Amino acid sequence: MSSLAAAASSTSTGEAVQFWVLAVVAVAGALGAVLMKKAVHSALSLAGTMIVLAVFYLANGAYFLGIVQIVVYTGAIMMLFLFVVMLVGVTAADSLKETIRGQRLLAGLCVLGFGILLGAGIANASLRDFNGLGQANAGGNVQGLAALIFTKYVFAFEITGALLITAVVGAMVLTHRERTGRPATQRERSEARVRGKHLPPLPAPGVYARHNAVDIPGLLPDGTPSELTVNPTLRARGQVRDVSGEALEDLAALEQRSKEWLERNNDRSEERAQ
Amino acid sequence: MNPANYLYLAALLFTIGAAGVLIRRNAIVIFMCVELMLNACNLAFVTFSRLHGNLDGQIIAFFTMVVAAAEVVIGLAIIVTIFRSRHSASVDDASLLKL
Amino acid sequence: MENLIGLLVLAPLLGAGVLLCGGRRLDRTGHWIGTLLAAASFVIGVVLFADLLGRPADDRELGTTVFSWVPVGGFRADVGFQLDQLSMTFVLLITGVGSLIHLYSVGYMEHDERRRRFFGYLNLFLAAMLLLVLADNYLLLYVGWEGVGLASYLLIGFWQHKPSAATAAKKAFLVNRVGDMGLSIAVMLMFTTFGTFAFGPVLEHADQAGEGKLTAIGLMLLLAACGKSAQVPLQSWLGDAMEGPTPVSALIHAATMVTAGVYLIVRSGAIFDAAPDAQTAVVTVGAVTLLFGAIVGCAKDDIKKALAGSTMSQIGYMILAAGLGPIGYVFAIMHLVTHGFFKAGLFLGAGSVMHGMNDEVDMRRYGGLRTYMPVTFVTFGLGYLAIIGFPGLSGFFSKDKIIEAAFARGGTEGWILGGAALLGAAITAYYMTRVMLLTFFGEKRWQPDADGKLPHPHESPRTMTIPMIVLAFGSVFAGGLFSLNDAFLKWLEPVTGHAEGDSPLTATQVTAATMVVLVVGVALAWAQYGRRPVPVTAPPGGLLVRAARRDLLQDDFNHVVLVRGGEHLTRSLVYVDHTLVDGVVNGTAASVGGLSGRMRRLQNGFARSYAVSMFGGAAVLIAATLLMRAV
Amino acid sequence: MSFPLLTATAVVPAAGALATAAVPAARRTAAKWLALGVSLATLLLAAAQLVRFDPDAAGPFQLTESHAWIKDFGVRYDLGVDGISVVLIALTALLIPFVVLAGWHDADPLEDSSTRWRPTQGFFALILMVEAMVVIAFEATDVFLFYIFFEAMLIPMYFLIGGFGDRAGERGEAETAAQRSYAAVKFLLYNLVGGLIMLAAVIGLYAVTAHQLGTGTFSLTEIVQARADGRLEFATTTERALFLGFFFAFAVKAPLWPLHTWLPNAMGEATAPVAVLITAVVDKVGTFAMLRFCLQLFPEASKWATPVILVLSLISILYGALLAVGQRDIKRLIAYASISHFGFIVLGIFAMTTQGQGGATLYMVNHGISTAALMLVAGFLISRRGSRLIADYGGVQKVAPVLAGTFLVGGLATLSLPGLAPFVSEFLVLVGTFSRYPVIGVLATVGIVLAALYVLVLYQRTMTGPVAEPVRGMPDLRVRELVVVAPLIVLLLVLGIYPKPVTRIVDPAVEHTMSQVHQSDPKPDVHVNDVEAAK
């Protein structure tokens, strides 16, 4: 406990090292989140940054927040993101090509200027010496926070509760789909099916006796993969494992071996005849 | 080490997040960048609370997290709805907000 | 007594109100009501006249202030009446002739379904005219002045279904408005000069004002007189005014209204006496007009227009006399009265002739009517003799005196004016003889009218002949009575003052001269129209004749310069208003619209570009705050 | 605390407007009668003001009411009337009943229009609303209060102009509607621009007072008082700028050349009663405000600007008259005539003589009445034939003599024939101008000739001559219409013959204004003593 308090009130060399190492990681993660082409990768790198931040919280004596950061943010919110990414799937949005003229340039300028300003602002502030959280965390960080939340900030706290409830309801309202038309009857569905391209059920993925994973397209008699057998989403994501190639290779190898075997037999028969 | 470095880091992260918001087209990614910015702010708050030696900064960061959670919920719901209606999560496709 | 004066004006005014607002139920009796009220005011006039005669010559003046009209600051206009000898003379003339002509109109307008309204207008005219001569200040006089203008407008345009009549009425009013402008400016000048415009103080202190101002006032008054009395250059309306019914021409455009100008000048004598330049202008206008009118009168074949020309020229005589100053004032008024008699008589005669010839006005289509309408012939003839100044008749006395006074002006000026007056007398004799011959003598030149039936000339009903007879008496004896030991002179002298000029010619010489020119004029006319038969269609005639037929081109001048010019001006102004003044405004609006249209482009709808601008804005804000902190 | 008469005079029509608007769609006639009743009630209140008003009482304003309104900005709810405003209020209250009566059928919905749309109620409610605002504007002695209503009255006027018009006639329905909305927008924009510039000036005034008196104020009396005892000193340029700001707005409202072009459109497209409302009531606020605010707040600047303003008004007089001659549309002709008359009013105000200003005030009243008479009769004529073009008429006099007669009287009043009211005022204005600026006075006198020209040309083309085919069988004035016109004509006659009651009330106020501007009438050269002058 006391060490923690100490850690909170002064900066040790250890912390410095930790900072310089993790800061790099955090920035890298952030950049990754911005620059990665696929949403999933962005999400993951962002999660990394968050974890790093959680560590920094801890280092700054905000133990409660550090834990919450990991549990709530990284654990819940980022997972929520991933869910949505899965739902939405891949879209044209993922290409990094700019469509609005001058957007990149303007954005760059603004960001640059903004960053410089922030830096300048911080640089201007006099932050030579600081008084750590020693006595603030004396009774324990969580207790301290609790004391504040339920006294000084109780009103804001309650409001936040209301906000959360509202958010939940809002999310439900938004995502709840109203059925506009009447549901299709069985007859209609069957008719639609008859008229559609595929009367029988779609062919199953997988190659008989070798693979049965969903991401492996079945092979047509000539060994080429069939588009119908895999989920379009997977194909769009490029997560289709095409095994047609190795099947053909196997075939070629088989013929090769049989040919060699036949030759050997011919040689034997000649020897017997002499 | 001077804790102000935390602030510089926060500023840097914030800026990066902002750049992401401005550059990316995928609504989800934009959203993530927003989260990044929020986190940067949180870091700043926490650092401040350490510098001042009281917990108010942490409280604010805490509230920020809560609000962010609510915001994410709604935001993602909206994204999903939009995606449903126009089969795209690109913010540029929803460009009807003009005269 | 004083209250009677107000009654004098009120009686016909009442009549006008009743007749105009009375509606159809008065159609049966309306004309008699009008005539009765006119006669009533005549009676009142006589009573007042008797009262005045009963007083010593030096205080024959009644004055009364009815109520304070427009009191604003130092500006005080009262409704007040002033009855002195001058006004009295006019009152008698107006109401007398007026009543007679009311009577005449009863017969003349018999077949007009709007007769009630006609009498209403006539009464309105009487009221306005009486107000004009009875007012005790110039502003009230102005009211009457415009009132008679209105009445004349309504009466000239009485047959409104005829576009010509409507146009003539409008023209008359407009030309008069120009004159009225002069009068109103004169009143303003008086106000700024004297601080008041009541006759008493103004005329009393006239000599104290600077001569320049007085001249200005005088010229403005002259302008007014020109407008009302159809003097050059504002005479053009009188000829067209003959579009009105003949009684109107007789009453308004011969006997009374057109003489208002003379009244104005005589009334303002004090001002003119103190402003010789103004007087010169007056006499010039008078001389020019008397010749102008006479010449025009010679050329017209329309009997009424011929008489109108003669009216112009006779009033020219009066103005001339009035311009001569104290020498002439009395004779101006005297000629005015006698002229009132014989000219009204002549017009009524003309009306009677037209009545008999189903409204034919072209003298060349008359001829030999003396046997068919004897009364008309006799009365008209007497009027004729009177106007040409036949010895012993009214015109002789009054006109002679004027010519004499003109010579008495002295110097070359005197010779010029006198010569003009004489020449005018000669021409008068000429054209009046012409009228006489064309109408009553020679062979019949009657033509079928529009409906193709020949006229059956007949004597007019009694209601028409009686007034003619009375007026004939007037035109015969009035002059003699007035000159009987200078009764008229003595009567008016206290108001107008009088001065004997030293004429280069003796009275007898002047008379002889007039006689000579008279004979010459008559002889010429006889030679031209008496001996040879008269062509029904006018011969082309020489340059002067053709010009004279067109009112000496003065009308054309007005048309080209004023009407055309005005039309172009207004048209171009309308254009300017629409394109320039309005265009500037609309242009501004359009440019603003265009600008906003361009700015709309910024709203491209991409949330991200909005975000950029927001972010930039935030950056700017931070920069600003930091700068503030730094400073 | 006595009965707040001034407030009541404004509140009654306002309340009446709301009540009228609330009348259910089916009960159209009820709404009309209600509106008429309210306007008459207002007339009674205005009459009460006249009765309780004492011309000779000391102090500029009477029947004053004063309450704090917006304390932080020193805005007060100050009402008060002087001789000028009380007369103008009376004029307004007098005209509105006639406007209502004349517009009796103007807003009846067409047969095919849906019953849920309630034009009639709206029409009369808007008229009453305008009346209320105008009355307040006349009563306000607080610059800000005045400004608010000066601007607010644009809104109902906008809807009155844009929402209600004559029958389409030859021009198609769409064409007419387009013209109408154009006119309405033009009216609104012109006056808004003027109003905004004035707002800037108002704020500037506040700033100056706040800076010099410590506490900013909008109160007219207070500012005038402060200037009188030297606590408040305007820098020359400041005063001129503020003056121009105020004057611009008023010059737009009382259309002064070259800010006039909105008036012909507005009056041409609006129905005759609304046109009367514009020119006879609303525009008067502009000229009135020149007299009350421009002169009293900024005397020096007024004197400085006088020459230019006089020239402008002279141009308005002649220009308006000439354009009136050139018009082919009856209502536009009357509009241009009004521009000419407003020129006379402004001329009189800035001639800075008792006669000029008294005459100008009288002119506002008389012009209101005479234009109302002429315009309403013209409206009746147009409603019969369904065309505004002069060329479509002719010989009306023969088929509808009474209509023609009243029209002629209205016209004669417009050309200010002596004996009718406008003559007195016009002559006073001319004399007042002439005694200080002879040349301008003489030039302005030319206007009376032009006036005769356009009136008589109009009368001749429409009323005289052979009967035009479409006019044949045109009915003469109905009782309702006669009830509208007759009183106006009687009033014209009475005020023409005996204007003293009005001048009696106006005179002291004018004297007061003159003293505010430190002006006195020029003296005549020859001193005829007053005994004689009075004779």
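Brief remarks follow.
- Condition check for D:Val274: assigned to a helix (DSSP H, G or I), modelled with pLDDT of 90 or more, surrounded by fewer than 24 Cβ atoms within 10 Å (Cβ to Cβ) and more than 11 Å from every other protein chain (Cβ to nearest Cβ): no
- The residues on offer are C:Pro56, C:Pro71, and the sole one that is free of Cβ contacts under 8 Å to residues at least 12 places away in the same chain and surrounded by 15 or more Cβ atoms within 10 Å (Cβ to Cβ) is C:Pro71.
- D:Ala57 passes every criterion in (1) surrounded by 15 or more Cβ atoms within 10 Å (Cβ to Cβ); (2) without any contact (Cβ under 8 Å) to a residue 60 or more places away in the chain; (3) small (Gly, Ala, Ser) apart from (1).
- Qualifying residue in segment C:77-90 (condition: outside any helix (DSSP H, G or I), aromatic (Phe, Trp, Tyr) and out of contact with any Leu (no Cβ under 9 Å at 6 or more places or on another chain)): no
- Of residues in segment A:132-185 being part of a loop (DSSP other than H, G, I, E, B) and crowded, with 17+ Cβ neighbours inside 10 Å, the one farthest from the other protein chains (Cβ to nearest Cβ): A:Asn137
- The residue that is farthest from B:Thr64 (Cα to Cα), counting only those in segment A:139-162 that are under 34 Å from the mean Cα position of the chain (by Cα) and not aliphatic (A, V, I, L, M), is A:Asn141.
- Residues that are within 30 Å of the chain's Cα centre (by Cα), among the aliphatic types (A, V, I, L, M) and more than 13 Å from every other protein chain (Cβ to nearest Cβ) were ranked within segment C:54-85; the one that is farthest from C:Ala135 (Cα to Cα) is C:Leu62.
- Sole exception among (1) crowded, with 23+ Cβ neighbours inside 10 Å; (2) within 14 Å of chain D (Cβ to nearest Cβ); (3) out of contact with any Asp or Glu (no Cβ under 8 Å at 6 or more places or on another chain) for C:Thr95, by number: (2)
Conditions (1) surrounded by 24 or more Cβ atoms within 10 Å (Cβ to Cβ); (2) touching a Ser or Thr at 6+ places or on another chain (Cβ under 9 Å), marked per residue:
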{"residue": "D:Ser416", "(1), (2)": "yes, yes"}
{"residue": "D:Ser425", "(1), (2)": "yes, yes"}
{"residue": "D:Val431", "(1), (2)": "yes, yes"}
{"residue": "D:Gly447", "(1), (2)": "yes, yes"}
{"residue": "D:Val455", "(1), (2)": "yes, yes"}
{"residue": "D:Met463", "(1), (2)": "yes, no"}
{"residue": "D:Asp476", "(1), (2)": "no, no"}
{"residue": "D:Val483", "(1), (2)": "no, no"}
{"residue": "D:Pro487", "(1), (2)": "no, no"}
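- When restricted to residues that are more than 26 Å from A:Met86 (Cβ to Cβ), facing chain A (nearest Cβ under 7 Å) and touching a Gly at 6+ places or on another chain (Cβ under 7 Å), segment B:13-48 contains 2.
- Pairing each residue of segment C:504-527 that is within 16 Å of C:Ala420 (Cα to Cα) and touching a residue at least 24 places away in the same chain (Cβ under 8 Å) with any residue that is of a type in the set (Asp, Glu) and in a helix (DSSP H, G or I), provided the two are 6+ apart or on different chains, yields C-beta distances under 8 Å for C:Leu505/C:Glu404; C:Val510/C:Asp400; C:Val510/C:Glu404; C:Thr511/C:Asp400; C:Thr514/C:Asp400.
- Test: D:Thr42 is among the hydroxyl-bearing types (Ser, Thr, Tyr) and touching a Phe, Trp or Tyr at 6+ places or on another chain (Cβ under 6 Å): no
- For segment C:223-240, the count of residues that are crowded, with 24+ Cβ neighbours inside 10 Å, within 13 Å of chain D (Cβ to nearest Cβ), outside any helix (DSSP H, G or I) and touching a residue at least 60 places away in the same chain (Cβ under 8 Å) is zero.
- Any chance A:Leu106 is within 8 Å of another protein chain (Cβ to nearest Cβ), modelled with pLDDT of 90 or more and more than 17 Å from B:Phe14 (Cα to Cα): no
- Qualifying residue in segment A:45-54 (condition: closer than 22 Å to A:Gly134 by Cβ, within 9 Å of chain B (Cβ to nearest Cβ) and in a helix (DSSP H, G or I)): no
- Residue within segment A:68-87 that is modelled with pLDDT under 90 and more than 17 Å from the chain's Cα centre (by Cα) present: no
- Filtering A:Leu65, A:Leu106, A:Leu112 for residues that are surrounded by fewer than 17 Cβ atoms within 10 Å (Cβ to Cβ), under 30 Å from A:Val40 (Cβ atoms) and either out of contact with any Ser or Thr (no Cβ under 6 Å at 6 or more places or on another chain) or touching a residue at least 60 places away in the same chain (Cβ under 8 Å) (or both) leaves a single hit, A:Leu112.
- Taken over segment B:55-72, the residue count meeting the criterion of being surrounded by fewer than 23 Cβ atoms within 10 Å (Cβ to Cβ) and either in contact with a Gly (Cβ under 9 Å, 6 or more places away or on another chain) or closer than 20 Å to A:Ala76 by Cβ (or both) is 9.
- Residue match in segment C:543-560 (condition: within 14 Å of another protein chain (Cβ to nearest Cβ) and surrounded by 12 or more Cβ atoms within 10 Å (Cβ to Cβ)): yes
- Listed by position, the helices (runs of 4 or more DSSP H) enclosed by segment C:98-199 that each have at least 1 residues that are under 24 Å from D:Tyr393 (Cα atoms) and more than 10 Å from chain D (Cβ to nearest Cβ) are C:138-156, C:163-194.
- Inspection of segment B:76-98 finds a residue satisfying the criterion of being over 27 Å from A:Leu145 (Cα atoms), in a helix (DSSP H, G or I) and in contact with a Lys or Arg (Cβ under 8 Å, 6 or more places away or on another chain).
- Just one of the listed residues (D:Phe247, D:Phe293, D:Phe344) is within 14 Å of chain C (Cβ to nearest Cβ), part of a helix (DSSP H, G or I) and buried (at least 24 other Cβ atoms within 10 Å of the Cβ), and it is D:Phe344.
The values are calculated or read from the model by the stated rules, or taken from the named source; none is laboratory data. Just so you know, these numbers come straight off a predicted model, no measurement behind them. Cβ coordinates were reconstructed from backbone atoms using ideal geometry, including for glycine residues, and neighbour counts include every protein chain displayed.
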